[in-house]
Amino acid sequence: MKMKWALLTIIFSIATVLTGCDNPLAVLDPKGPVAANQANVIMISIWTMLIIVLVVVILYAIMLFKYRASKTSDDYVPPHVEGSHVLEAIWTIIPILIVIFLSVVSVRSTNEVEATPKGYEDQEPLIIYAASSNWKWHFSYPEEDIETVNYLFIPTNRPIEFKLYSYGPISSFWIPQLGGQKYAMSDMVNTLHLAAETPGEYMGRNANFSGAGFAEHTFNVKAMPEEEYTKWVDEIHGTAKKLTESEFDKLLEPGHVGQYTFNGTHLDFRPAPEHNHGASGKGESEHSNHEDSKKADEAETEHQH
Amino acid sequence: MDYFDRFAVPHSSPMIVGSQIAIAVTVLAILVGVTYFKKWGYLWREWFTTVDHKRIGIMYILAALLMLFRGGADAILMRAQTAIPDNGLLDGQHYNEIFTTHGVVMILFMAMPFIIGLMNIVTPLQIGARDVAFPRLNAVSFWLFFWGAMLFNISFVVGGSPDAGWTAYFPLASVEFSESVGMNYYAIAIQIAGIGTLMTGINFIVTILKMRAPGMTLMKMPMFTWSILITNLIIVFAFPVLTVALALMTMDRLFGTNFFTMANGGSDMLWANLFWIWGHPEVYIVILPAFGIYSEIISTFARRNLYGYKSMVVSMVAISVLSFVVWAHHFFTMGHGAMVNGIFSITTMAIAVPTGIKIFNWLFTLWKGKIEFTVPMLYSLAFIPIFTIGGVTGVMLAMASADYQYHNTMFLVAHFHYVLIPGTVFAVLAGFTYWWPKIFNFQLSERIGKWAFWFIVVGFNVTFFPMFITGLDGQARRMYTYSEATGYGPLNLLSFVGALGLLIGFAFLVYNIYWSTRYAPRNVTSDPWNARSLEWATHSPVPEYNFAIVPEVDSSQAFWDSKNNGPALFKGKYKEIHMPNNSGVPFVLGIIFFVWGFAMVFSMWIFAIISTLGIFACMAHRSFEKDHGHHISVEEIEETEKKLRGANA
């Protein structure tokens, strides 16, 4: 019986914690369409799964309550029952239906988060290259020709395409309140689609274990209206110094550094490894400069040794 | 002296120095103790050279218990470090080493040998066989596992522990990012133990297919035996992938090849794929036997036959097939795009269907039963709801787009502990308690066992449930610390409190073994639980030859039927029994493998070459050896049976 109460408490605490509004959990408190999509999938799955858990727990409680030895007479001999085709069919077919339902939800949502968010298709996305090195994040804005280290400013209500890659171990680029994570790897570029709808400051981090400095491998994200964002870019053009190759190499050395801002990007002298193994990039544009990326790759290899 | 510098731990601490001293003192004490009590001869004759499946099983379980406490110490340290924000108990490097060894030890050197130990003891008895098909090979399997595990464990005091996570993702696990010999230990120790496991797989498939008692068709096998058959099929298909992956890793780290490295076209994704093509089936290798154990125990203590036998078998086969087509869900976030993720999302969720069938069949085995709450039954009953939570959160993780948010977080950590602890740990504890009287002829105390059970079950939930919540709040896994501002503090502290509960539970378990060994009444019957399958039809403790007469069987619960006016199991007269001889070669081979592994870890090529020759010499010895085993005469059988019948009267 202790078990049953423990379980009920657990179930109710999940329900209250997840739906409670006073201090929402980061993943369930989305500030952009991608995270909202994912939070929606999570809630659909939690409610569906709660029904299953409830069915199991109720059956379980009935069996334990009714058929315990102390409730039956001494001469009671349990019958031999092979099974029941009807019952077994029921608990095969209903789960199959649930899995089909969740598959539809999952596949649809996965397609949505792997593309420009709905309602943003007609806007030109802002492209930001996010490169990880032990244990820093380098953000290059090719359009604006600026680069930041360990912090990210983004305009709200504009689709953003992050181009992810790494100068070291696999890292995972993650801003929980804007959307789920994706890997940054040394031999290819991954594309992550996000957008912010509420101005504010968010936590961003590498979620994938990458060695001794992993715990502090974080960055700050600030989402702001377009005008404010343009003002920030202009300010940098006026004040920040130019990023040089030697300075970038120094930044790549393992360790933690503070936040930096530069004019120019490292893409000029150290292009991203865009050979596009995976399916996540935009096919044609990257294939066309395949030759360039090959050269970039060789340069990269040299750098490593 | 320079030569010996390589054996120093590169990143030492008072805790490691303390352990070095403690380990040295313990080893010395054991050696002196065994010599003082003149037990070397006994150990050599009865244990080191044995090929008896029951003794090998006991040694597997002993080693597994030892490793449970090693992995448990890692776990407590991890929870203690993260109990409060900005804690300074461990630094980043030590924390990384500890969660790496926790994962490897618990999966490969605790769960696997515990399961293999139980399968060794029980399977031949359940099918009415005298031993496994290849008893000598079985001893080789054990000693390779054992010396592999020992090699892995000394990493912590000699040369440095592995620190790239139990998944050892490249390029983090390459020499470039993990310079110490730690990951060499990983590659080579697991390789040695893995070869042993692969041989176990072959051995048990042959045993179950070829050595069943007359009348026991496949569909009349007890459910535990079914689960072991399927498990070993998975082992034989999955472990070669690990062998290859580890061989490539070894070459990358020791010989400068570039299979997985960052430079020269190595592919980090290749490692992740190979690792999980083995790694996901591995999860089922440790969980399917648990399903078998629960089926036996639930049926025994509900006093009913297993509900839906056929669908139980079919669902297990379905799980084993599906286990090979879901591996990419471990890295949905690697960027394979919506199409691939969609497919793996669906295959993963599909596993919920056969697993659900099993849950409902267990529930309906309880239906109309007469349930007795013994300790093994309590673990089995606790398994059902807790594993259901593990299972449904697995379905949630299978939804690819949502997984982008769960991946690499404490939510995932909570999920796989909710699957593996009820799925494997509860099962081996249940099986251990259930089959204990068969092995030792006395029962573990039910009273102390229940204390252990409640501490473990409550402690488990208090430890791991908060992780679902901190995960959804954005706490990444494997972080050695976090700031107070994150707000993760209180729930992590709660986890630590739960971990202490688990610790107390396991302390009760040890105390129970001690107390029952000293005080529990001896000479219980050979069938103390009123059970259903063949292992309970022979004496406790089981004689060397298992059954004086090979039983004849015509149902999946033949022993139960024979107790209830069914056909007699044992017909005919005693005949001479042919048994295999003991051999010291497997033990020696294990030690040579240990030396070989140690030499490889430290790139000491001369030792490596000499020990390689030693390995081949052992194999050549086996090829040319003439050993036809020995025969137990009818008189000897009669005498043993008379004695044992007296004991079990």
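The values are calculated or read from the model by the stated rules, or taken from the named source; none is laboratory data. Just so you know, these numbers come straight off a predicted model, no measurement behind them. Quick reminder, even Gly has a Cβ in these numbers, built from the backbone with ideal geometry, and neighbours come from all protein chains shown. Ligands, DNA and RNA are excluded from the accessible area calculation, which covers all protein heavy atoms including side chains. Shrake-Rupley method; radii C 1.70, N 1.55, O 1.52, S 1.80 Å.
Here is a yes/no grid of residues against (1) open to solvent by less than 10 Å² (accessible area, probe 1.4 Å); (2) within 8 Å of chain B (Cβ to nearest Cβ); (3) in contact with a strand residue (DSSP E or B) (Cβ under 7 Å, 6 or more places away or on another chain); (4) part of a strand (DSSP E or B):
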| residue | (1), (2), (3), (4) |
| --- | --- |
| A:V104 | no, no, no, no |
| A:T110 | yes, yes, no, no |
| A:T116 | no, no, yes, no |
| A:G119 | no, no, no, no |
| A:E143 | no, no, yes, no |
| A:Y165 | yes, no, yes, yes |
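Does B:V497 qualify as being within 13 Å of chain A (Cβ to nearest Cβ), closer than 30 Å to B:F373 by Cβ and among the β-branched types (V, I, T)? First the steps, then the outcome.
On the way: within 13 Å of chain A (Cβ to nearest Cβ): no; closer than 30 Å to B:F373 by Cβ: yes; among the β-branched types (V, I, T): yes.
Spelling it out, it is not the case that B:V497 is within 13 Å of chain A (Cβ to nearest Cβ), closer than 30 Å to B:F373 by Cβ and among the β-branched types (V, I, T).
Within region A:69-86, the set of residues being open to solvent by less than 100 Å² (accessible area, probe 1.4 Å) and within 7 Å of another protein chain (Cβ to nearest Cβ) comprises A:A69, A:T72, A:Y76, A:P78, A:P79, A:V81, A:G83.
Note on region B:204-259: residues that are in contact with a Pro (Cβ under 9 Å, 6 or more places away or on another chain) and among the polar types (S, T, N, Q) amount to 3.
Does B:M312 qualify as being modelled with pLDDT of 95 or more and either closer than 20 Å to B:K358 by Cα or touching a strand residue (DSSP E or B) at 6+ places or on another chain (Cβ under 8 Å) (or both)?
Numbers: modelled with pLDDT of 95 or more: yes; either closer than 20 Å to B:K358 by Cα or touching a strand residue (DSSP E or B) at 6+ places or on another chain (Cβ under 8 Å) (or both): yes.
Against the criterion (modelled with pLDDT of 95 or more and either closer than 20 Å to B:K358 by Cα or touching a strand residue (DSSP E or B) at 6+ places or on another chain (Cβ under 8 Å) (or both)), B:M312 qualifies.
Is it the case that region A:259-268 has a residue that's touching a Ser or Thr at 6+ places or on another chain (Cβ under 7 Å), aliphatic (A, V, I, L, M) and within 11 Å of another protein chain (Cβ to nearest Cβ)? No: region A:259-268 contains no residue that is touching a Ser or Thr at 6+ places or on another chain (Cβ under 7 Å), aliphatic (A, V, I, L, M) and within 11 Å of another protein chain (Cβ to nearest Cβ).
Condition check ((1) farther than 19 Å from B:M199 by Cα; (2) modelled with pLDDT of 95 or more; (3) of a type in the set (F, W, Y)) across all residues:
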position	(1), (2), (3)
B:L89	yes, no, no
B:E97	yes, no, no
B:G103	yes, yes, no
B:F109	no, yes, yes
B:I115	no, yes, no
B:N120	no, yes, no
B:T123	no, yes, no
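The listed residues are B:W147, B:W166, and the only one of them that is out of contact with any Leu (no Cβ under 8 Å at 6 or more places or on another chain), hydrophobic (A, V, I, L, M, F, W, C) and within 14 Å of another protein chain (Cβ to nearest Cβ) turns out to be B:W166. The combined condition, being closer than 30 Å to A:P78 by Cα and in contact (Cβ under 8 Å) with a residue 60 or more places away in the chain, is fulfilled by B:D554.
Selection of strands (runs of 3 or more DSSP E) fully inside region A:182-247 by the criterion of at least 1 residues being more than 9 Å from every other protein chain (Cβ to nearest Cβ) and hydrophobic (A, V, I, L, M, F, W, C) returns A:190-194, A:218-224. Applying the condition of being within 14 Å of another protein chain (Cβ to nearest Cβ) and of a type in the set (G, A, S) to region B:79-112 and asking which residue is farthest from A:A215 (Cα to Cα) yields B:G103.
Yes or no, residue by residue, for (1) open to solvent by less than 30 Å² (accessible area, probe 1.4 Å); (2) of a type in the set (D, E, K, R):
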residue	(1), (2)
B:W536	yes, no
B:H539	yes, no
B:E544	no, yes
B:F547	yes, no
B:S555	yes, no
B:N564	no, no
B:F570	no, no
B:K573	no, yes
B:P580	no, no
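With respect to the conditions (1) under 25 Å from B:F145 (Cα atoms); (2) surrounded by fewer than 11 Cβ atoms within 10 Å (Cβ to Cβ); (3) in contact with a helix residue (DSSP H, G or I) (Cβ under 9 Å, 6 or more places away or on another chain), B:V27 falls short on a single one, namely (3). Among the residues making up region B:470-481, those that are facing another protein chain (nearest Cβ under 7 Å) and open to solvent by less than 30 Å² (accessible area, probe 1.4 Å) are B:L472, B:G474, B:A476, B:M479, B:T481.
Do the conditions hold for A:T148, that is, is it farther than 27 Å from B:A164 by Cβ and open to solvent by 10 Å² or more (accessible area, probe 1.4 Å)?
So A:T148 fails the test.
The condition of being among the β-branched types (V, I, T), open to solvent by 30 Å² or more (accessible area, probe 1.4 Å) and more than 22 Å from B:T538 (Cβ to Cβ) holds for B:V588. The numbered conditions (1) farther than 30 Å from B:D473 by Cα; (2) within 7 Å of chain A (Cβ to nearest Cβ); (3) crowded, with 24+ Cβ neighbours inside 10 Å are all true for B:L429 except (2).
The residues on offer are A:I127, A:I100, A:I96, A:I154, and the sole one that is modelled with pLDDT of 95 or more and open to solvent by less than 30 Å² (accessible area, probe 1.4 Å) is A:I154. B:P521 falls short on exactly one of the conditions (1) open to solvent by 60 Å² or more (accessible area, probe 1.4 Å); (2) in contact with a Pro (Cβ under 6 Å, 6 or more places away or on another chain), and that condition is (2). When B:L218 is tested against the conditions (1) touching a residue at least 24 places away in the same chain (Cβ under 8 Å); (2) open to solvent by 30 Å² or more (accessible area, probe 1.4 Å); (3) not charged (D, E, K, R), the lone failure is (1). Scanning region B:285-296 turns up one or more residues that are of a type in the set (D, E), buried (at least 23 other Cβ atoms within 10 Å of the Cβ), modelled with pLDDT of 95 or more and in a helix (DSSP H, G or I). Look at (1) closer than 29 Å to B:I346 by Cβ; (2) assigned to a loop (DSSP other than H, G, I, E, B) and you find that A:L54 fails only one, number (2). The residues listed here are B:A173, B:A149; of these, the one that is more than 16 Å from the chain's Cα centre (by Cα), of a type outside the set (S, T, N, Q) and either over 17 Å from B:M249 (Cβ atoms) or open to solvent by less than 30 Å² (accessible area, probe 1.4 Å) (or both) is B:A173. Answer with yes or no whether B:V241 is under 25 Å from B:F142 (Cβ atoms), out of contact with any helix residue (DSSP H, G or I) (no Cβ under 7 Å at 6 or more places or on another chain) and open to solvent by 20 Å² or more (accessible area, probe 1.4 Å). No; evaluated as a whole, the condition is false for this residue.
Inspection of region A:159-171 identifies at least one residue that is touching a residue at least 40 places away in the same chain (Cβ under 8 Å) and aliphatic (A, V, I, L, M).
Of all the criteria given as (1) modelled with pLDDT of 90 or more; (2) buried (at least 17 other Cβ atoms within 10 Å of the Cβ), the one not satisfied by A:S293 is (1). State the number of residues belonging to region B:366-377 that are surrounded by 21 or more Cβ atoms within 10 Å (Cβ to Cβ) and facing chain A (nearest Cβ under 9 Å). Total satisfying the criteria: 3.
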